[in-house]
1. Once you have the Cα-Cα distance between Phe112 and Ala93, take 0.36 nm times their residue separation minus that, and quote the gain in nm to one decimal.
2. Enter the angle in degrees (range 0 to 90, nearest 10) between the Cα long axis of helix 82-95 and the first principal axis of the Cα atoms of the chain, meaning the one along which they spread out most.
3. Can you spot the lysines whose alpha carbon is less than 22 Å from Lys103's alpha carbon? Ignore those fewer than 8 places along the same chain.
4. Evaluate the distance, in nm, between pseudo-label points positioned 7 Å from the Cα of Ala69 and of Met57 along their respective Cα→Cβ axes.
5. Could you tell me what percent of the accessible area of the stretch 1-117 is made up of carbon and sulfur, with a 1.4 Å probe and every protein chain present?
6. With every protein chain kept in place and ligands, DNA and RNA left out, what is the accessible area per residue of the chain? Probe 1.4 Å, answer in Å².
7. Where a ≥ b ≥ c are the square roots of the eigenvalues of the C-alpha gyration tensor, would you call the stretch 1-53 rounded, which needs a/c under 1.5, or, failing that, prolate if a/b is larger than b/c, or oblate?
8. For a protection proxy built on the mean count of beta-carbon atoms within 10 angstrom, sort 6-13, 85-92 highest first, please.
Amino acid sequence: MSKIVDIMTEKCPICGEGHVFKKKGNPLLFRMPKMNIECSVCSHKFEKEPGYFYGAMYVSYGLTILEIAPIFLLSRLFIKDYIATIAIVGLSAFLLSTFNFRKSRMVWIYMFDGGKRQVEN
């Protein structure tokens, strides 16, 4: 359960204390999240090699589907116009983009580095 909490709070997979992101980003201001290069506590390097996070795009796609499907279904209950439904879905995807960016990278990091947690003495 602590790994899920660490993913949601964006903590380092090795020490569980340092923050992975220094800026969360804001889709309304067109600002993407900024990652730290390494953990400020244990110096764990987050991006192993160029292209390391390409696989996180698949995780982001899955998260987007999990978010958009209920939004689509709920909007269809209240709004019968397809254009309005598509607009709601598109706006929701846009507003959730930085959240999905951060969480998909966190899941990706924990898939490969989450089992290397240092045990406290």
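The values are calculated or read from the model by the stated rules, or taken from the named source; none is laboratory data. Remember, predicted model here, so these are calculated numbers, not experimental data. When we count neighbours, we look across all protein chains shown, and the Cβ atoms used for this are built from the backbone with ideal geometry, even at glycine. With ligands, DNA and RNA removed, areas are computed over all heavy atoms of the protein, side chains included. Shrake-Rupley method; radii C 1.70, N 1.55, O 1.52, S 1.80 Å.
1. 4.2 nm
2. 20 degrees
3. Lys3, Lys11, Lys22, Lys23, Lys24, Lys34, Lys45, Lys48, Lys116
4. If labels sit at Ala69 and Met57, their model points lie 2.2 nm apart.
5. C and S atoms contribute 69 percent here.
6. For the chain, the per-residue accessible area is 67 Å².
7. oblate
8. Sorting 6-13, 85-92 by mean packing, highest first, produces 6-13, 85-92.
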